[in-house]
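Shown next, in structure tokens, is the structure this report addresses.
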Amino acid sequence: MIRIKWSILFFVFPLLILSQPKTPLVSYDFESDPKYTDELRLLKNKAHRESTTIIKSIAELSYYYKDWDTAIDYYEILLLDSPQAENYFKLGIAAARKSLEVSRFLSVPYILIAKRSVLRAHELQPKKVIFLNLLIQLYAEIPSLFGGSIAMAETKADLLRDIDPVEGRMMQAYVLEVKNNYEASKSKYAEVFQYLKEEIPVPEQWGSGLRRDLTFDLGRAAAEFKMEQELGIAFLDHYIKDSGFKDNYPLEWAYYYRSKIYLYNKNFKKVKASIKKALEINPGFEEGLELLKTVKLE
């Protein structure tokens, strides 16, 4: 069983997760994109005017292109004049994502920035779902030495369930995975699937109206826990169909999880077709290559 969430996979994750592969987050070679570098240079040339509008433009631009160093610098400047919840949250995201790009030792200050920023965002908007989502992950994954707390993660997940039944149950299931309580986690995911089937009885609408990350997470849960496979494929198909630059999870992993569901159903033709799609995107995709070897043995 593997666990994934879009916002943090840092510091002690290799110690906490079982031996199976982790789903990475999307990265981007922003330095090789002239559209970004040219626009960033133009904005920086105007930044000496100390315009909050220009500072915000640089922060948002660098955040969009996943230039986390620049995003951290400019969101910190922006917060001096505009201490809004959204700005704290994006600073937290940038810091968490940057922690993935450095060694565990160097990730510590980014972890601290992430937790402090997201906690402040949550304090300003205590019922904002995406703020709570990330805060729960931070509490669950960060060592207690740096302010992590499974108990606090559970408390916040319960609060989130009162605000949003689907998102809350998903985070409860996630925390249970962190605790390696997979049977309880599977049961909680089952509650989510059942709730969605009752609320969205038409299969063609499965995936519509849900966060992109949530559709991926539901597909991943279906694949990893061998449950609700029709729904899992529908969610992954939705993620694949509408994939774009802003997505947090690599597209090849959506094909990979879909392939695993097909494999459980012994639909080897679809397994091969789906995993080959993943390998077209990333020819060196090790998990995909391993799965393809398994299928060839059948």
Could you pull out every one of the helices (runs of 4 or more DSSP H) wholly within segment 141-250 that has 1 or more residues that are more than 25 Å from Ser274 (Cα to Cα) and touching a residue at least 40 places away in the same chain (Cβ under 8 Å)? 165-178, 182-199
Condition first: surrounded by 13 or more Cβ atoms within 10 Å (Cβ to Cβ) and either part of a loop (DSSP other than H, G, I, E, B) or of a type in the set (D, E, K, R) (or both). Now tell me which residues in segment 34-50 satisfy that. Glu39, Lys44, Lys46
For residues that are touching a Ser or Thr at 6+ places or on another chain (Cβ under 7 Å) and small (Gly, Ala, Ser), scanning just segment 237-277, find the one that is nearest to Asp29 (Cα to Cα). Ser274
Residue check, Ala273 among the small types (Gly, Ala, Ser) and closer than 20 Å to Leu292 by Cα: yes
Suppose we keep only residues that are out of contact with any Leu (no Cβ under 8 Å at 6 or more places or on another chain) and part of a loop (DSSP other than H, G, I, E, B) within segment 99-125. Which one would you say is surrounded by the most Cβ atoms within 10 Å (Cβ to Cβ)? Gln125
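A short reminder: the numbers here are calculations on the coordinates, not readings from a lab. None of these values were measured; they are calculated from a predicted model. Cβ atoms come from the backbone with ideal geometry, glycine included; neighbour counts cover every protein chain shown.
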